[in-house]
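Below is one structure, written out as structure tokens; the observations come after it.
The values are calculated or read from the model by the stated rules, or taken from the named source; none is laboratory data. Since the structure is predicted, the reported quantities are computational estimates derived from the model, not experimental observations. Backbone-built Cβ (ideal geometry, glycine too); neighbour counts: all protein chains shown. Each accessible area value is taken on the protein alone, full model and side chains, heavy atoms only, with ligands, DNA and RNA left out. Shrake-Rupley method; radii C 1.70, N 1.55, O 1.52, S 1.80 Å.
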Amino acid sequence: MTLDLKLIREQFPSLDRPAIFFDNPGGTQIARHSVERIQRYLLECNANHEGAFATSRQSDAILNEAHAAMADFLNAARPEEIVFGNNMTTLTLHFSRSLARLLGPGDEIVVTRLDHDANISPWLLVAEDRGCKVTWIDFDVEDCTLKLDEFERAFARKPKLVAFGYASNSVGTINPVRKITEMAHAAGALVYVDAVQFAPHGPIDVQALGVDFLVCSSYKFFGPHAGALYGRYDLLEELKAYKVRPATNSLPGKWETGTQNHEGIAGVLGALEYFEWLGKTFGAEQEQGLRERGYSGRRLELKKAMTALRAYEFELGRSLLTALEGVPGLRLFGLADPRRLDERVATFSFRLGDQHPRRVAEALAKEGIYVWDGNYYALAVTERLGLEGSGGMVRVGAAHYNTLDEVSRLGEALKQIAA
């Protein structure tokens, strides 16, 4: 069953305006389900945690359900393995402080040049504080894929922690998460994965991947500005949390310091309810295969949604690649082989002749097409490509509510700018 784009776009109130949103890698539009959850929370049960009265109990029930739904989305073993916070960056800085206690002088941390800085700088700071050695994994500048042979050499030295992304927010590369995780664990290293860029584009199964930590942000998957972290239960139990004394020592509360963004967490639940609707409405073709893999209930519906969404975005990515390659003077960075589209998400970055990326973005904005320019906090990428000092790149990123007609309009607009 193909996606009904008219019906899907009706689920996003902001898509009523005359704009084309290809700024999705920086933040997607919010689903109606999420907006309604936020509104209901604030109007019906806006209260602090663990009170004896009705609104507090109702609030706790919604937050507990959000933990359970997020565990289903990531296929975590239990809801207590989900920790909510402001965003991926804040969560990672928070957890890095606790993980630093496991490290000492001379211990090795592995990071990559393909990552968003939120999965680099926290570990650089840990290394600075604890006297650790940092090893950088490079990527191939021709196709922007990580050099796995460098991982092999790094793991031979038995590092203590490796941090890398599920998919590049800059050039769209999907990394072989399970393979790298298996290599890391064989070397005795903990694995910390930034899944912010992949979460809107495909199914995630933390148990199948075997990762120790995985973090994402719901404003990248059609929800509000909030973040969620999966951590292995035993690690969350054992690690010391930096918190105030009256706070609980139970999971996940010991990591959710202070009063959380309750309405935001309710909005995350709404975004996941949107995915559940998507799976029930459009995921029939995926159901049998997913049932055979052991998914059931809400987990099945969420995996159906993300599998159906991924299949549609595969065609969007093919169309975007064709449109961009048809623009005179455009240089694309990253995987450009249509036979390897399964190794990337539909996020593409480029330069257009000698035009500054901000000028291109401004020209597209005048046509009602919203894109990003710069380094998108993937500083190591633009530095490695030699583009940081000249404005970075232009980035376009499709989500499943984008249409093939919007891709065509982007291509035509870029041709006019190039001319």
* If region 277-369 were replaced by its equivalent ellipsoid, with semi-axes equal to the square roots of 5 times the Cα gyration tensor eigenvalues, what would those be, largest first, whole Å? -> 36, 15, 10
* Grab the beta carbon distance between R78 and E285, set R0 = 35 Å, and tell me the FRET efficiency rounded to 0.05. => 0.70
* For region 93-112 and region 252-298, what is the separation of their Cα centres, given in Å? -> 31 Å
* **Where region 191-266 is the region considered: accessible area per residue in Å², 1.4 Å probe** => 34 Å²
* Rounded, prolate or oblate: which one fits region 123-263, using the alpha carbon gyration tensor with axes a ≥ b ≥ c (rounded when a/c is under 1.5, else prolate when a/b beats b/c, else oblate)? -> oblate
* What are the residues whose amide H is under 5 Å from the amide H of F222, where those residues sit 5 or more places off or on another chain and H is modelled from the backbone? -> T28
* Structure fact -> Spelling it out for G227: with amide H atoms placed in the peptide plane at 1.01 Å from N, the residues 5 or more places away or on another chain with amide H under 5 Å from its amide H are G85, N86, N87, S218
* Using Cα-only point scatterers and the Debye equation, what is log10 of I(q)/I(0) for region 1-159 at each q in 0.09, 0.14, 0.16 Å⁻¹, rounded to two decimals? -> -0.54, -1.04, -1.13
* To do: Over the chain, with every protein chain in place, what whole percent of the accessible area is carbon and sulfur at 1.4 Å, could you tell me?
  => 48 percent
* Asked: Can you tell me the accessible area per residue over region 63-154, all protein chains present, probe 1.4 angstrom, in square angstrom?
  -> 38 Å²
* Asked: What longest region of the chain stays clear of chymotrypsin sites (Phe, Trp or Tyr not before Pro) that DSSP places outside H, G, I, E and B and that have at most 16 other Cβ atoms within 10 Å?
  -> 54-241
* To do: With all distinct Cα pairs included, what does the Kirkwood hydrodynamic radius of region 68-151 come out to in Å, to one decimal, could you say?
  => 14.7 Å
* **Rounded Å value of the spacing that divides the Cα centres of region 146-169 and region 388-419** => 32 Å
* To do: Have a look at A247, A308, A163 and tell me which one the Gaussian network model of the chain (Cα, springs below 10 Å) gives the largest fluctuation.
  => A247
* Helical contribution to [θ] at 222 nm, DSSP H n ≥ 4, -39,500 (n - 2.57), averaged over the chain, rounded to 500 -> -13000 deg cm²/dmol
* Which ³J(HN,Hα) values in Hz, rounded to whole numbers, follow from the phi angles of region 230-245 under the Karplus curve 6.51 cos²θ - 1.76 cosθ + 1.60, where θ = phi - 60° and Gly and Pro get x? -> 9, x, 4, 3, 5, 5, 4, 5, 7, 5, 7, 9, 8, 8, 7, 5
* Quick one: of K147/K304; K243/K303; K220/K304; K179/K243; K304/K366; K133/K240, which pairs are farther than 26 Å apart, Cα to Cα? => K147/K304; K243/K303; K179/K243; K304/K366
* **Charged-residue dipole, Cβ positions (Lys, Arg, Asp, Glu), the chain about Cα centre, Debye nearest 20** => 340 debye
* Asked: Which whole-number value in Å² is the accessible area per residue of region 274-419, probe 1.4 Å?
  -> 44 Å²
* Asked: ³J(HN,Hα) across region 136-142 via Karplus (A = 6.51, B = -1.76, C = 1.60, θ = phi - 60°), whole Hz, x for Gly/Pro?
  -> 9, 8, 8, 10, 6, 5, 6
* Asked: Got a sec to turn the phi values of region 347-360 into Karplus ³J(HN,Hα) couplings, 6.51 cos²θ - 1.76 cosθ + 1.60 with θ = phi - 60°, whole Hz, x for Gly and Pro?
  -> 10, 10, 10, 7, 10, 10, x, 9, 7, 5, x, 5, 5, 5
* Asked: Hey, rough spin-label estimate for Y370 and S390, points 7 angstrom out along Cα→Cβ, what's it come to in nanometres?
  -> 3.0 nm
* Asked: Around D373, which amide H atoms from residues at least 5 apart in sequence, or from another chain, sit under 5 Å from its own amide H, with H modelled in the peptide plane?
  -> R395
* Asked: Counting only the backbone N, which residues of region 375-394 are under 13 Å from the spot 7 Å out from the Cα of L124 toward its beta-carbon?
  -> 377-384
* What FRET efficiency, computed as 1/(1 + (r/R0)^6) with R0 = 25 Å and r the Cβ-Cβ distance, is obtained for R359 and L15, rounded to the nearest 0.05? -> 0.40
